[in-house]
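The block underneath contains the structure these notes are about, expressed in structure tokens.
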Amino acid sequence: MRPPGRLFVVATPIGNLGDLTPRAVETLRSADVVAAEDTRVTRRLLAHADVHTRLVSYRDANEAKLAPELVRRMSEGESIALVTDAGTPAVSDPGYRLVRAAAEAGIEVVTIPGPSAVIALLSIAGLPTDRFSFEGFPPTSRGARSALLAALRGADRTVVFYESPRRVVAFLREIAAALSDPEIAVGRELTKLHEEVLRGRASEVADRLAAKGPRGELAIAVYVTAAARDVEGENESEEMIRRLTTEGLSARDIAERVKPLGIPRRRVYEIVAAVRGER
């Protein structure tokens with residue numbers, strides 16, 4: 001009887017194929033099976049690396065069903081390399097269920113580290129990284145996003161999100177309103193030909209992205225200070241309204257930006273009028 005195989009969790013490039021490590025290539029070649037989030041994407045990667053290991057589809061839709069089958073195969077001696085479309089498996093991508101099932105079955109789980117959009121952005125964001133957290137993609141509903149951002153006030157750490165080009169400008173404006181317009185860095189197309197990092201206040205970066213039209217995959221790092229606590233929220237919100245007024249925004253635009261904070265529109269107009277000396 002063959003000894004149990006192993007599960008290799010293999011990080012793959014997030015854009016630049018040159019980031020595929022020699023160790024990752026050797027692991028992909030020596031495995032009996034490569035379990036891939038999208039076999040079409042992984043097939044191109046394997047062709048680039050001259051790897052001919054057979055593929056099996058392993059994605060969110062079939063993870064619960066396929067994980068026990070892959071564990072059985074590893075128990076019978078096969079080694080499996082787990083990959084996602086880009087980056088490190090099980091980090092906002094399928095994988096953790098298979099890792100857990102393999103570990104519970106006594107199968108050795110081996111990491112083959114490499115690219116991660118979270119770490120890539122943190123390393124070049126220019127924000128404090130002694131404490132950070134990863135929140136993945138924010139909720140799609142406005143109410144759930146508002147609740148998430150409210151829970152982060154005063155977190156005293158850098159928080160990383162992923163977001164789509166279609167929603168990023170609105171989300172950055174919600175961040176600005178809910179977290180007192182914090183310092184952020186947005187990474188676009190990291191490691192690719194048109195890599196770009198936009199740094200500044202959330203409202204400023206939102207305006208820049210709105211003007212140019214965001215494209216490509218985006219990661220957002222937000223420095224949430226300890227000072228942005230609920231007890232100070234009202235004063236900080238009013239200060240933000242005053243600052244936006246001095247920057248020349250209309251009362252209507254300011255009211256839309258601070259809407260996630262629940263400030264009455266009439267109160268916004270009163271502050272804007274006071275700053276402008278209209279009353």
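The values are calculated or read from the model by the stated rules, or taken from the named source; none is laboratory data. Just so it is clear, the structure is predicted and the values come from calculations on it, not from any experiment. When we count neighbours, we look across all protein chains shown, and the Cβ atoms used for this are built from the backbone with ideal geometry, even at glycine.
Scanning the range 148-163 for residues that are surrounded by 13 or more Cβ atoms within 10 Å (Cβ to Cβ) and among the small types (Gly, Ala, Ser) returns Ala150, Gly154, Ala155.
Just a yes or no: is a residue in the range 27-41 outside the structural domain of Glu195 (by TED's automatic domain parsing), of a type in the set (A, V, I, L, M, F, W, C) and under 24 Å from Val160 (Cβ atoms)? Within the range 27-41, one or more residues are outside the structural domain of Glu195 (by TED's automatic domain parsing), of a type in the set (A, V, I, L, M, F, W, C) and under 24 Å from Val160 (Cβ atoms). The single condition from (1) at pLDDT 95 or above; (2) within 30 Å of Ser237 (Cβ to Cβ) that Ser146 fails is (1).
This table checks each residue for (1) over 29 Å from Val25 (Cα atoms); (2) assigned to a helix (DSSP H, G or I); (3) not assigned by TED's automatic domain parsing to the domain that holds Thr27.
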{"position": "Pro89", "(1), (2), (3)": "no, no, no"}
{"position": "Ser92", "(1), (2), (3)": "no, no, no"}
{"position": "Ala103", "(1), (2), (3)": "no, yes, no"}
{"position": "Leu122", "(1), (2), (3)": "no, yes, yes"}
{"position": "Asp130", "(1), (2), (3)": "yes, no, yes"}
{"position": "Gly154", "(1), (2), (3)": "yes, no, yes"}
{"position": "Leu172", "(1), (2), (3)": "yes, yes, yes"}
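Total residues in the range 67-89 satisfying the condition of being touching a residue at least 12 places away in the same chain (Cβ under 8 Å) and within 25 Å of Arg2 (Cα to Cα): the figure is 15.
Tell me which residues, restricted to the range 1-39, are assigned to a helix (DSSP H, G or I) and under 16 Å from Leu82 (Cβ atoms). Arg23, Ala24, Val25, Glu26, Thr27, Leu28, Arg29, Ser30, Thr39 - these are the residues of the range 1-39 that are assigned to a helix (DSSP H, G or I) and under 16 Å from Leu82 (Cβ atoms).
Figure legend. Inter-residue proximity from the range 191-218: first residues over 16 Å from Arg167 (Cα atoms), second residues assigned to a loop (DSSP other than H, G, I, E, B) and of a type in the set (Asp, Glu), beta-carbon distance below 6 Å, spacing 6+ or different chains. Indicated pairs: Glu195/Glu189; Arg201/Asp181. As a summary of the residue check, Tyr162 satisfies the conditions (1) of a type in the set (Ser, Thr, Tyr); (2) touching an Asp or Glu at 6+ places or on another chain (Cβ under 8 Å); (3) more than 25 Å from Thr88 (Cβ to Cβ) except for the one numbered (3).
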